[in-house]
Amino acid sequence: MTPTTTSRFRIEFSQLGPLPADARERLEYYQQFKKLVQEGKDKIRNWHHGGAGGREVVQAHTALIDSVLRYVIKEVKALDTYKEEDLLDQFVLAAVGGYGRGELNPASDIDLLFLLGKKMSKVLDTFIQEVISVLWGIDLEIGHSCRTIRECQALAAEDPTVRTSMIETRHLIGNKSLYEKLVTSVRKNVLKKRAREFLDEKLKEKYDRHENGEHVSSNPEPNLKEGFGGLRDYHVALWAVAVRFGVLSFSEIKDGEVVSPQEISRLEQSVNFILRVRNELHYQTGKKGDVLTLDLQEKLAHELGYRGEAGQSAVEQFMREYFLHATTIYQVSESIFQRCLEAGPLLTKVISKFKSRDLGDGLLARKTDLGIKGKAETLFENDPLKLLTVFELCLEHGLKPDIHLKRLIRKNEFRLDLQFLEKEEVRAFIDKLLGHPQAEPVLRQMHEVGLLGRILPEFGITHCRVQYDFYHRFTSDEHALRMVHFLEELETPREEGLEKLAQNYKELKHPATIKLACLLHSLGEDSGTNGGNESCSEALKNVCHRLQLDETQSDHLTFLVNNLNSMNEAAFHKDIHQPDNIRSLAERAATPERIDLLVLYSYAELKAVAPDTWTAWKRLLLIELFHRTRNYLVNPSGLDNKPATTKASVYQALDGKVPKEEIDHHLSLMLEDYLITAGSHDIIEHIRLLGEMKDKPVVMSRRYDSNAGFYDLVMAAIQSPDMFANIIGALTAKAMNIHGAQIYTRQDNRALIHLQVDGGETFKIHGEQDEVWNSFESDLSDLMEKRKDLPTLMASRTRLTSQTDSKAAIVPKIEIDNLLENRFTFIRIEARDHPGMLYKIAQAFADFNIQIHRAKIAVRGGRGIDVFSISQHGEKVYQLVLQRKLKERIISNLFVEHLEDLQ
């Protein structure tokens with residue numbers, strides 16, 4: 001920051017009178033002082049909002065606090081008690097930590113060291129205490145320590161945190177020669193002697209912070225300081241340079257092999273961006289913080305000047321730029337740090353002794369690394385195809401490029417221009433790479449150095465692209481690579497229940513096609529990333545032409561990319577037992593081969609979204625939908641013949657056990673779609689429960705599906721408007737999770753209910769499962785016979801500490817459709833997922849005498865998506881006034897905080 005800039009925020013201390021000697025008379029002084037400091041901070045904030053860079057603002061804050069501290073020291077020294085003492089020769093006030101670096105964000109810690117020349121005298125002790133008292137009086141939140149050089153040296157030798165803080169000290173006021181002694185002592189006796197130990201410590205810290213295997217764009221709520229590509233990565237590189245080369249900035253390193261001027265420039269630009277974001281975060285929250293939470297990102301984007309364009313919202317633009325800058329910080333800092341690790345003479349000797357294999361083309365294999373023979377800076381200048389050779393060797397030998405080779409590739413990736421992409425060698429390389437059973441690690445290596453986006457520019461445009469939908473956790477490029485990873489895992493599946501998917505994958509004639517579809521998923525009609533328009537369609541055609549895909553491969557690629565969510569949407573939000581839904585998906589797929597591909601693609605998409613998105617319940621639904629659709633494609637008449645087949649199976653199974661007349665009577669009371677949507681085993685259980693029912697309001701059976709991890713509850717109950725609300729209320733009171741519901745009604749006021757329920761955590765709390773179910777049955781009977789009411793039951797319900805209530809702002813969205821092909825009204829409700837959401841909806845339905853026939857319950861990225869087939873008095877819900885009032889009641893219920901308050 002220039003002297004002119006510094007003067008813009010200079011505090012006019014002349015407006016203050018002298019510091020009163022009596023602490024009891026300082027209140028007015030403190031108030032005036034705080035006002036002057038706040039005015040200075042407000043000027044800096046206005047400068048920030050005017051577009052000042054992040055580095056400029058933190059330096060301005062640093063300079064402001066520097067001036068305050070120096071003034072306070074001088075004011076206290078001017079008091080009669082200390083006027084005649086030579087106190088400023090006895091100590092040094094030094095800034096340490098981020099403040100020592102000159103990186104003081106608006107709410108950052110102000111860490112100070114009072115460095116003592118010798119044991120503290122009584123008068124110096126009193127002086128320092130008075131200085132601290134004044135700083136607290138003006139609301140300056142400081143952290144401080146008082147130490148001698150010997151104590152600093154001893155602590156730095158023992159404590160890594162102190163060691164790094166000693167690198168980042170800065171003289172503020174006091175004995176300058178004493179300060180120089182500190183710097184010399186720490187560098188000589190701690191940093192140089194323990195250089196390797198220090199670097200190893202920082203290397204371990206880096207891996208401890210990043211040990212979960214995620215990447216820069218993995219977290220939708222990134223940490224500006226400790227996350228991948230955060231300020232800590234930059235600081236670690238700075239510390240490494242200080243320890244290895246004895247300098248405090250990258251530009252002071254004379255060896256261009258460690259870091260080039262271009263890399264320094266890119267790094268500083270990205271750090272400047274992160275600092276600016278951190279400044280705004282502090283201004284918005286009014287406190288120290290580093291996490292870009294979802295609820296703050298939109299506000300930050302607006303305040304930082306993003307307005308949205310080219311199909312991207314302001315917040316998507318902002319977060320994409322953040323991830324791009326974080327990637328730069330991570331990559332350049334990592335390169336610098338690794339160079340510092342290798343710079344020691346001992347390590348150079350060790351590396352030279354590694355047994356290496358000459359793989360040709362100027363490349364050597366050392367253990368698991370692929371490196372350059374000699375310096376070979378011109379390796380790719382005359383033959384850019386060697387850039388692809390690098391990754392062919394990585395693919396064949398299970399290697400990864402070392403830090404030198406990565407750096408050289410980044411310098412030369414521009415050589416892969418559009419003309420280069422037309423080469424036959426490029427097409428053959430992509431085909432070989434994607435056809436390999438373990439392509440994902442090499443795809444990721446190529447993406448890290450910028451090469452994957454060069455040879456596949458349609459993928460390159462997705463680099464760090466953010467989908468701000470509360471569903472996708474990862475950026476589009478990371479999501480694509482994860483899709484490939486989970487497909488390739490099917491070669492040796494580690495999860496039970498994936499046998500059919502694994503078989504499908506292993507039988508693929510061209511696995512490269514589906515992997516290519518994963519990389520290009522953002523071009524699709526339903527990808528949610530501005531796909532589906534003519535330019536995207538044209539992009540797919542260009543890919544097919546450039547890579548010389550045959551007609552079948554082109555058809556499969558286009559089909560998959562344009563149907564990214566089709567199968568998942570049908571499986572989780574539609575009734576997969578309804579023939580029309582099966583026919584609709586089958587018509588879209590058209591052939592068994594395409595549905596075989598689509599179920600794999602849908603699995604990879606769902607699995608890649610986030611670690612907790614793929615569940616046993618979703619696996620069951622997806623695979624069941626796949627089998628139903630494929631069977632229809634192979635034998636279309638089978639769907640039409642299902643009622644007769646189901647009926648025959650029921651009669652055969654109950655022959656001699658239940659009179660034929662009783663079966664006839666039951667079937668005559670059911671709706672016409674009963675034999676289409678219910679299985680024979682379901683109908684048999686219905687007849688058995690109805691026989692047990694007699695005068696009881698409800699009877700039930702349960703079966704645990706160990707493969708899917710849930711209980712299948714089957715009930716027979718007296719039909720009433722509040723029946724479903726009572727059932728859901730009784731389950732909610734036991735903190736059960738409901739995944740789905742199917743309700744069949746008879747003409748004699750009996751209802752048959754199927755529920756898929758997960759209650760694992762409830763059983764851990766209450767102990768014996770039988771006790772929990774018996775209690776549930778008792779509560780439900782009491783509700784049905786009016787011995788209990790729902791508000792009372794809700795007030796005493798089980799509350800799980802794991803049922804965290806997301807704070808993400810998701811506005812409720814309700815769609816009501818009366819499709820001609822459906823017997824019932826379709827209603828889809830989306831809202832922020834939270835405990836009791838289904839119960840609140842069920843209560844709203846009960847208030848309007850709405851009968852529920854089907855329910856699909858799903859959660860996507862914090863958003864609850866519940867889909868119902870409903871009717872009122874046996875008819876569709878056509879009246880617009882009723883629809884509007886029902887929507888209003890549902891939304892009103894969703895905003896009720898305490899379930900017991902619902903009446």
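One table, with the values for the structure above:
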read-out	value
0 to 90° range, to nearest 10: angle between helix 534-546 axis and the chain longest Cα axis	80
Computed FRET value (nearest 0.05) for S720 with L882, which takes r as the C-beta separation and R₀ as 22 Å	0.65
Residue-normalised accessible area of the range 3-190, given per residue in Å² at a 1.4 Å probe	48
Surface share of carbon and sulfur [accessible, 1.4 angstrom probe, percent] for the chain	49
Charge sum, other residues only, whose C-beta stays under 11 Å from R703's C-beta, Lys/Arg counted +1 and Asp/Glu -1	-2
Computed label-point distance, nm, for sites D655 and R357 using a 7 Å Cα→Cβ extension	6.7
Helix axis angle, 149-158 relative to the chain longest principal axis, alpha carbon, degrees	30
Assigned charges on the beta-carbon of Lys, Arg, Asp, Glu; the range 355-455 dipole about Cα centre (debye)	480
On Cα atoms only, tilt of 880-894 relative to the major axis of the chain in degrees	50
Cβ-Cβ FRET estimate between R24 and K287, R0 fixed at 22 Å, reported to 0.05	0.10
Cut-off 12 Å between beta-carbons: net charge of the residues surrounding C464, Lys and Arg +1, Asp and Glu -1	-2
Cα shape, the chain, gyration tensor, a/c 1.5 rule	oblate
Average Cα contact separation per residue, the range 355-455, under 8 Å, 6 or more apart, as relative contact order %	24
For the range 355-455, accessible area per residue (1.4 Å probe, heavy atoms of protein chains only), Å²	47
Per-pair calculated FRET efficiency, R0 = 22 Å: A644 and Q769 via Cβ, rounded to 0.05	0.05
For the range 836-851, Karplus couplings with θ = phi - 60° (6.51, -1.76, 1.60), whole Hz, Gly/Pro x	x, 4, 5, 4, 4, 5, 4, 5, 5, 4, 4, 4, 10, 6, 7, 9
Using θ = phi - 60° and Karplus 6.51 cos²θ - 1.76 cosθ + 1.60, couplings along the range 728-733 (whole Hz; Gly, Pro as x)	5, x, 5, 5, 4, 4
Using θ = phi - 60° and Karplus 6.51 cos²θ - 1.76 cosθ + 1.60, couplings along the range 77-87 (whole Hz; Gly, Pro as x)	4, 6, 5, 4, 4, 10, 4, 8, 8, 8, 5
Per residue, in Å², the accessible surface of the range 483-634 once ligands and nucleic acids are set aside, probe 1.4 Å	40
Euclidean distance of C-alpha centroids, the range 420-437 and the range 281-306, integer Å	43
Separation between Cα centres of the range 559-581 and the range 172-188, rounded to whole Å	70
Heavy-atom accessible area ranking, 1.4 Å probe, most first, across W136, W239, W47	W136, W47, W239
Spin-label pair S249/K423, simplified geometry with 7 Å Cα→Cβ offset, distance in nm	4.1
Approximate spin-label separation W136-K696, in nm, with each point projected 7 Å along Cα-to-Cβ	7.0
Cα centre as origin, Lys/Arg/Asp/Glu Cβ charges: the range 294-431 dipole, Debye	900
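The values are calculated or read from the model by the stated rules, or taken from the named source; none is laboratory data. Quick caveat: nothing in here was measured; it's all calculated off a predicted structure. Positions of Cβ are generated from backbone atoms using ideal geometry, with glycine treated the same way; all protein chains shown enter the neighbour counts. Ligands, DNA and RNA are excluded from the accessible area calculation, which covers all protein heavy atoms including side chains. Shrake-Rupley method; radii C 1.70, N 1.55, O 1.52, S 1.80 Å.
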